[in-house]
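Notes follow once the structure below has been shown.
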Amino acid sequence: MQAHRQSEESVFQGTGGVVNTGDPQAMDHMVNALSALPTTQAQQAVRRRMLAGWIERLERQGDPRSLATALYLRAEHTAGWSEGAEAAFRQQAAAATDPYVLHLWQQHDRACSMRGDCRAVPADRWSLIEPDNLLAWLPPGWGPLTLTDAQWAGVARAKYVRAYHRDLQLTLLPLARELPVGLELDVALTFITQLAAMPAVAPERIFTVCSPEAVRHGHRQACLHGAELLWRQPQASLMDIAKALAMAKGLSAEAEGPWPGRMAEALALGNFNTTVFHMIEMGAPPKVTSCDRLSAQRERLTEITQQGSWRVAQRERATPGGH
């Protein structure tokens, strides 16, 4: 860890300590320089070995979710990729009745994730097998989008919001629990944390859908219903709560029903330092200061994944000495 940070520092010093993030060529040079570091190469070798072991374990477990997770790791993270594994993953996704499998496929299939144009697995398959999940009615990807009348009706009828990247993390965390403190555990925790970074189907997607003024006017009740479901998630993140409150405010509902109390509940966190939660949710685990902190980092990641950062933050804010 010390050697790697010293090597990183030497790379940054070579740029004068300043990197122009708006210059693609400069960024490529920085990425290539960091990737070429012997310590980075060592981390990548550990990751390849670790993922190969995980895939073997998951395949031995043999249940559909474990097999789908193994195929996802092979296909998306080039851990033993082959045309046969790719075809098997596509076939499982096309026949899946488990939304977890569809989530993994959407994370992998770039056509699906970026353009909503997934030929192997129709985009409406999720809404057919899990119509009560609001997320099932939202096209995958990023950026502006519009919904059909049928999709708006699905949003209005939805009973809950459930994203499956946490299920993926909870599938892998028990495997990380078996690792001794050291480089492999550090690499494992970084990998698992980054699986939640910018998921292609995120709960906040409903915020994007409802942002335009015309949409807020024409679909106010459906959007307010979406905000309500975001708030009531069993594993709500701080980002989910912030988006729910922003939606309520944008819909001029901050003085309606339960929303005034919810606004006050969020404000009660005051100056509570939420940086650590946002870092974890955006896929950037806080750097540990020493290897003996890795076990505590693993437990914290597990807790946030199981309960959601909103509830963990509330509890820590209410606990003397919480941070």
May I ask you to list the GluC sites (Glu not before Pro) in region 149-250 that are in a DSSP loop and have at most 13 other Cβ atoms within 10 Å of their Cβ?
Glu178
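Based on the mean of other beta carbon atoms within 10 Å per residue, what is the order of 92-102, 53-63, 241-251, most packed first? Working shown, then result.
Details: 92-102: 18.9, 53-63: 14.4, 241-251: 20.9.
Descending packing order for the listed peptides: 241-251, 92-102, 53-63.
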Could you work out how far apart the two model spin labels at Arg177 and Gln221 are, taking each label as a point 7 Å from the Cα in the direction of the beta carbon, and quote it in nm?
4.5 nm
At 7 Å along the Cα-to-beta-carbon direction for both Ser7 and His29, put a label point, then send me their distance in nm to one decimal.
2.1 nm
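I'd like to check one number: the per residue accessible area of the chain, probe 1.4 Å, reported in Å² as a whole number. Each step should come with its number before you reach the end.
Working: 15940 Å² over 323 residues.
For the chain, the per-residue accessible area is 49 Å².
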Got a sec? What order do Arg162, Arg49 fall in by accessible area at 1.4 Å, biggest, i.e. largest, first?
Arg49, Arg162
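Scan region 141-187 for chymotrypsin sites (Phe, Trp or Tyr not before Pro) in coil per DSSP, keeping those whose Cβ has at most 11 other Cβ atoms within 10 Å, and list them by number.
Values: sites: Trp142, Trp152, Tyr160, Tyr164; in loops: Trp142, Tyr164.
In loop regions of region 141-187 (DSSP not H, G, I, E or B), there are no sparsely surrounded chymotrypsin sites (Phe, Trp or Tyr not before Pro).
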If you stretched the chain out fully between Gln306 and Leu170, how much longer would it get, using 0.36 nm times the residue separation minus the C-alpha to C-alpha distance?
48.2 nm
Added length on full extension, which subtracts the Cα-Cα distance from 0.36 nm per residue, Thr190 to Arg315
42.5 nm
Per-residue accessible area for Ser35 at 1.4 Å probe radius, Å² rounded to 10?
40 Å²
Efficiency of FRET between Arg57 and Glu254 - r from beta-carbon atoms, R0 56 angstrom, step 0.05:
0.70
How large is the accessible surface of Phe12 in square angstrom, using a 1.4 angstrom probe and rounding to the nearest 10?
80 Å²
What length, rounded to one decimal in nm, is gained on full extension from Ala45 through to Ala120, with 0.36 nm per residue of separation minus their alpha-carbon distance?
23.7 nm
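The values are calculated or read from the model by the stated rules, or taken from the named source; none is laboratory data. Because the structure is predicted, anything quoted here is derived from the model rather than measured. Every residue, glycine among them, receives a Cβ derived from its backbone with ideal geometry; neighbour counts consider all protein chains shown. For the accessible areas, the whole protein counts, side chains as well, though only heavy atoms, and no ligand, DNA or RNA atoms are used. Shrake-Rupley method; radii C 1.70, N 1.55, O 1.52, S 1.80 Å.
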